[in-house]
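Working notes for the structure below.
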Amino acid sequence: MALTLGLQVYSVRESLQKDFWGTMEAVAKIGYRNIELANHHAEADYGCGFGVPAAEFKRRMDGLGLKTVSSHVFPLENTDLDKVIEYAKVIGNDNIVCPMYFYTSAADALELAKRLNTWGAKLRKSGMRLFYHNHFHEFQKYGGKAVLDILLENTDPELVDFELDTFWALRGGVDPVAYLKKLGKRCLLIHQKDLTKGTKPENLFERVKPDAKIDMESFKKDGARHEDFTEAGEGMMDIRGIIAAANKIGTAKYIIIEQDYSSRGEIDSVALSYKNIQKLLSR
């Protein structure tokens, strides 16, 4: 299965706040057709995160030629999963992603693995899939084992899949291509951005102590320096190798642009990533 390009709309979050449908129209004009939602208000909004009723959302997206292929739902543990499923069914979305979690021990990872299995079973009964999306801190080790490895080994392959963020894998000191191969058929979605050329260190655990407590505050301070992010194809990552590996494994369907930060305007940023990655996908 050859990869298809998509966009995580977190990349244009400020534009969406100002003009939701105008921004979606701009995204469609760039050429994007596959959309991943970012709902960071899931306790109160079970849908797209911007208060749009499901039927209206589906109608407007269809009119723009846009398809919802997955959705980040956060915090997943504090939302009504039945209502999330109900909204997703109406808009035609089959994939729900747990986008972030923090850990203080291997026990935390094991506890989340149990939750992921439970959520995954519920979604699977509804004909949907559950994914876990990584950042760099999932490569922190407890007892010699990385958190993401603990999740991989303690979740049911029939119930839980993974969305590998290749940028954050690199920042966690891991070769994205090697970890993509390790995930194998459990990686159906890939997140792509790029690391600014000359960024030092690549591996954030050269700056963050291996036994550091990583929470949202420290994550933003130590791991999310804006100048380290650049558009896909503009930095130092081996995106060609990532695409080749994913296509060889054959199960990943979408490579999804997620631009956390950019020195460019949001629309210009995702337009540049679209242009660069489409060239790589067409080779």
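Measure out, as a whole number of angstrom, how far apart the alpha-carbon centroids of segment 154-207 and segment 56-73 sit.
27
Find how much the distance from LYS213 to ALA121 grows on full extension, using 0.36 nm per residue of separation minus their present alpha carbon separation; answer in nm with one decimal.
30.0 nm
Distance in nm between label sites at ASP80 and HIS40, each 7 Å beyond Cα in the beta-carbon direction?
2.4
Sequence neighbours fewer than 8 away in the same chain don't count; with that in mind, list the aspartates and glutamates whose C-alpha is under 19 Å from LYS197.
Cα-Cα hits under 19 Å: ASP165, ASP175, GLU206, ASP222, GLU227, ASP228, GLU231, GLU234, ASP238, GLU258, ASP260.
Take every Cα pair under 8 Å in segment 51-195 that's 6+ residues apart, average their separations, divide by the length, and report that relative contact order as a whole percent.
19
Would you mind computing, in nm to one decimal, how far apart the modelled labels at THR196 and ALA178 are, each placed 7 Å from Cα along Cα→Cβ?
For the pair THR196/ALA178, the computed spacing is 2.7 nm.
Scan around LEU7 for amide H atoms under 5 Å from its own, H built in the peptide plane at 1.01 Å from N, and keep only partners 5 or more places away or cross-chain.
Distant-sequence amide H within range of LEU7: ASN34, ILE35, GLU36, ILE257.
Could you pull out which residues in segment 92-108 have an amide N less than 20 Å from a spot 7 Å beyond the Cα of LYS141, following the Cα-Cβ vector?
103-108, by backbone N distance to the label point.
Calculate, in nm to one decimal, what ASP238 and TYR261 gain on full extension: separation in residues at 0.36 nm each, minus their alpha carbon distance. Don't jump to the answer; show the numbers that get you there.
Details: separation 23, 0.36 × 23 = 8.28 nm, distance 1.96 nm.
So the extension gain works out to 6.3 nm.
For GLN17 and GLU227 in the same chain, what is the full-extension length gain: residue separation times 0.36 nm, less their Cα-Cα distance, in nm?
Gain on extension, GLN17 to GLU227, equals 73.3 nm.
Taking segment 211-277 as the region of interest, what is the percent of Cα-Cα pairs per 10 angstrom bin, listed from the shortest bin to the one with the maximum distance?
With 10 Å bins starting at 0, P(r) equals 18, 38, 32, 13, 0.
Quote the charge dipole size of the chain about the Cα centre in Debye, to the nearest 20; the model charges only the Cβ of Lys and Arg (+1) and of Asp and Glu (-1). Each step should come with its number before you reach the end.
Numbers: 39 positive and 40 negative charges, 174 e Å.
Charge dipole, the chain, about its Cα centre: 840 debye, nearest 20.
Send over the Kirkwood Rh of the chain, from the inverse of the averaged 1/r over different Cα pairs, rounded to one decimal Å.
Kirkwood hydrodynamic radius for the chain: 19.0 Å.
Only the coordinates and a few stated rules stand behind these numbers; no lab work does. Computed from a prediction, not measured in an experiment: that's the story for all the values here. Ideal geometry is used to build each Cβ from the backbone, glycine not excepted, and the neighbour counts take in all protein chains shown.
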